[in-house]
Amino acid sequence: MLVGKREYGTWKNGSSIYRDKRGYYIVVVDNKATPNTNPMYKKYIKWKPNPKTRQLCFTKKRWAVCKSETRTAK
């Protein structure tokens with residue numbers, strides 16, 4: 001299951017952090033889920049990424065370090 005195309009880091013329990021329009025979240029498994037419901041859900045967290053850490057992007061069917069989005073003027 002592909003959750004997001006960009007990974008912003010890891011949470012305290014080792015889960016990967018993703019982002020959507022509501023904010024940053026991790027994917028959590030619900031052990032008490034019934035067979036008719038999806039056992040995975042998004043848990044939103046209060047977290048901001050460190051600008052110095054590298055982010056991972058899902059391109060060409062694998063995870064790789066994202067290229068910088070900022071460009072310098074010449």
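Projecting the Cα atoms of 63, 15, 28 onto the charge dipole of the range 15-68, computed from C-beta unit charges around the Cα centre, puts 63 farthest toward the positive end.
Please get the size of the charge dipole for the chain, origin at its Cα centre, with Cβ charges of +1 on Lys and Arg and -1 on Asp and Glu, quoted in debye to the nearest 20. Could you put the intermediate results ahead of the total?
Numbers: 19 positive and 4 negative charges, 84 e Å.
Result for the chain is approximately 400 debye, rounded to the nearest 20.
Here the Karplus relation 6.51 cos²θ - 1.76 cosθ + 1.60, evaluated at θ = phi - 60°, turns the backbone of the range 38-48 into coupling constants of 7, x, 9, 9, 8, 10, 7, 10, 8, 7, 10 Hz, with x for every Gly and Pro. In this simple spin-label model, placing a label point 7 Å from the Cα along the Cα-to-Cβ direction at both residue 32 and residue 63 gives a separation of 3.0 nm. The lysine pair tally for the chain, using Cα distances under 19 Å and a gap of 8 or more places or different chains, is 19.
In the list [x] 3, 19, 31, 26, 14, 6, 1, 0; [y] 3, 16, 20, 17, 13, 10, 8, 7, 4, 1, 0; [z] 3, 13, 22, 21, 17, 11, 6, 3, 2, 1, 1, 0, the label attached to P(r) over Cα pairs in 5 Å bins from 0, in percent as derived from the coordinates here is [z]. Across the range 16-32, computed HN-Hα scalar couplings (Karplus, 6.51 cos²θ - 1.76 cosθ + 1.60, θ = phi - 60°) run 7, 9, 10, 9, 9, 5, 8, x, 8, 8, 10, 9, 10, 9, 8, 6, 9 Hz from first to last residue, x flagging Gly and Pro. In order along the range 51-63, phi translates into HN-Hα couplings of x, 8, 7, 7, 9, 9, 10, 9, 10, 6, 6, 7, 8 Hz, rounded to whole numbers, per the Karplus curve 6.51 cos²θ - 1.76 cosθ + 1.60 with θ = phi - 60° and x for Gly and Pro. Once the C-beta distance of residue 6 and residue 41 is scaled by a Förster radius of 25 Å, the resulting FRET efficiency is 0.80 to the nearest 0.05.
Read-outs throughout are calculated quantities, based only on the coordinates presented, and are distinct from any laboratory measurement. Nothing here was measured: the structure is a model prediction, and the numbers come from that model. Here the Cβ is made from the backbone with ideal geometry for all residues, glycine too, and neighbour counts use every protein chain on show.
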